Amino acid sequence: MKLKSLLLRYYPPGIMLEYEKCGELKTKSIDLLDLSPSTDIRALVDEIQEAEPLITASRTDQVKLLIQRLQDKLRQHKDHQFYLFKVLRAHILPLTNVALNKSGSCFITGSYDRTCKLWDTASGEELHTLEGHRNVVYAIAFNNPYGDKIATGSFDKTCKLWSAATGKCYHTFRGHTAEIVCLSFNPQSTLVATGSMDTTAKLWDIQTGEEVFTLRGHSAEIISLSFNTAGSRVITGSFDHTVSVWDAETGRKVYNLIGHCAEISSALFNWDCSLILTGSMDKTCMLWDAENGKCLATLTGHDDEILDSCFDFTGKFIAMASADGTARVFNADTRKCITKLEGHEGEISKISFNPQGNRLLTGSSDKTARIWDAHTGQCLQVLEGHTDEIFSCAFNYRGDIIITGSKDNTCRIWC
């Protein structure tokens, strides 16, 4: 094996190794999830060299420099204040979702007007209108990290695959017998998965446009779906109160997660694929061992339904948002609540960490989004201006741009 190059991955912190093995170019990653601005670089490099034979003594200075750059990145945006940059009157009918590409250079909006629109973030200019669906465009996504394709899932029971560069439709995936309400690309951008009100999920081949597998087993609508970061597993959450984990290569069910006593609202893996987090209308989140499907903890404290939940990029912290108007942050190791986010005057439907993991973004029916200190729970900023509830909000990859989408038919860009 011969090391060809070292590449940085800023979030979560890591170093990508490109190496040659038997004439073939391969990649592997060194995850530095515990890296902080105060980490001893020399000790960390010694640790890396001990564990990874490709990092020889001749590469020591280069690795030190890369780690220093990662630490510098972790220090950035700590006290970033966001200001309203643009208001986009995006569609003639209400929006359903917004999504950013990895760099944050453009974003997409789905709408009840049966279209998806692609926007330039810097100028606020509309780049393309993706037309062709015959009903509400509800689920939308870029194939990040590449960002050259867009998938749209519709109440017309189809999913379409588009070119982000030209707006051309590559494929229309047909086969579901009810509305498509969630979708996700695998990290390799070879498959798109769709979840439907028909109780099934389907995996589709991006190149051929053919259906690869149908995932059957739920007895009610599938409303949450995602891949793990390896692309080897798919997780589906359903109104039947259960979550299922599937093998993405065979389409076979690996196990069911049974324990919630109401509809599932969210289901996802952490970064290193060791944990699964599920949120439910039963007012709790549950933490599961992704290896064997055993429940590790039930996270309680909310007085109403859990509407959204997430891990930070390192998988060390969990955030959950509730219809009771508050959010909570838990330590994933101790399973203890470390802080409570109070201040919204309506239910919180969206919550996400910034890439650095030190800030949380929430979107609420009180028409505001808020930015919080993820560890103290202090509200740092209120993003005001929307005239109806905010149902979607997201950070870009660097954490210095926020997009909010509202039922007032507008998107706002904050930077």
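The values are calculated or read from the model by the stated rules, or taken from the named source; none is laboratory data. None of the values given here were measured: they were computed from a predicted structure. Quick reminder, even Gly has a Cβ in these numbers, built from the backbone with ideal geometry, and neighbours come from all protein chains shown. The area values use the complete protein model at the heavy-atom level, side chains included, leaving out ligands, DNA and RNA. Shrake-Rupley method; radii C 1.70, N 1.55, O 1.52, S 1.80 Å.
For the stretch 266-279, indicate whether the set of residues that are over 24 Å from residue 12 (Cα atoms) and open to solvent by less than 40 Å² (accessible area, probe 1.4 Å) is non-empty.
no
When the stretch 127-183 is examined, which residues are found to be open to solvent by 20 Å² or more (accessible area, probe 1.4 Å), touching a Phe, Trp or Tyr at 6+ places or on another chain (Cβ under 7 Å) and β-branched (Val, Ile, Thr)?
Once the filter is applied, which keeps residues that are open to solvent by 20 Å² or more (accessible area, probe 1.4 Å), touching a Phe, Trp or Tyr at 6+ places or on another chain (Cβ under 7 Å) and β-branched (Val, Ile, Thr), the stretch 127-183 yields only 181.
Count, please, the residues in the stretch 214-258 that happen to be among the hydrophobic types (A, V, I, L, M, F, W, C), open to solvent by 50 Å² or more (accessible area, probe 1.4 Å) and over 19 Å from residue 138 (Cβ atoms).
Matching residues across the stretch 214-258 total 3.
Of a type in the set (A, V, I, L, M), at pLDDT 90 or above and farther than 19 Å from residue 4 by Cβ: which single residue out of 57, 51 fits that description?
That would be 51, the only listed residue that is of a type in the set (A, V, I, L, M), at pLDDT 90 or above and farther than 19 Å from residue 4 by Cβ.
Could you tell me whether the stretch 316-335 includes any residue that is open to solvent by less than 10 Å² (accessible area, probe 1.4 Å) and more than 21 Å from the chain's Cα centre (by Cα)?
Yes, some residue in the stretch 316-335 is open to solvent by less than 10 Å² (accessible area, probe 1.4 Å) and more than 21 Å from the chain's Cα centre (by Cα).
So that you can scan it fast, the table gives a plain yes or no per residue for (1) out of contact with any Gly (no Cβ under 9 Å at 6 or more places or on another chain); (2) closer than 22 Å to residue 11 by Cα; (3) at pLDDT 95 or above; (4) open to solvent by 30 Å² or more (accessible area, probe 1.4 Å):
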residue: 350; (1), (2), (3), (4): no, yes, yes, yes
residue: 357; (1), (2), (3), (4): yes, yes, no, no
residue: 374; (1), (2), (3), (4): no, yes, yes, no
residue: 385; (1), (2), (3), (4): yes, no, yes, yes
residue: 388; (1), (2), (3), (4): yes, no, yes, yes
residue: 393; (1), (2), (3), (4): no, yes, yes, no
residue: 397; (1), (2), (3), (4): no, yes, no, yes
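Looking only at the stretch 385-415, which residues are part of a loop (DSSP other than H, G, I, E, B), in contact (Cβ under 8 Å) with a residue 60 or more places away in the chain and not β-branched (Val, Ile, Thr)?
385, 396, 397, 398, 399, 400, 407, 409, 415
Among the residues in the stretch 67-86, are any open to solvent by less than 70 Å² (accessible area, probe 1.4 Å), closer than 21 Å to residue 409 by Cα, charged (D, E, K, R) and modelled with pLDDT of 95 or more?
The answer is yes; a qualifying residue exists.
Conditions tested, residue by residue: (1) more than 18 Å from the chain's Cα centre (by Cα); (2) in contact (Cβ under 8 Å) with a residue 24 or more places away in the chain; (3) assigned to a strand (DSSP E or B).
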| residue | (1), (2), (3) |
| --- | --- |
| 162 | yes, yes, yes |
| 195 | no, yes, yes |
| 207 | yes, no, no |
| 212 | yes, yes, yes |
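Take the stretch 91-104 and flag every residue that is open to solvent by less than 60 Å² (accessible area, probe 1.4 Å) and touching a strand residue (DSSP E or B) at 6+ places or on another chain (Cβ under 8 Å).
91, 94, 95, 96, 97, 98, 99, 100, 101
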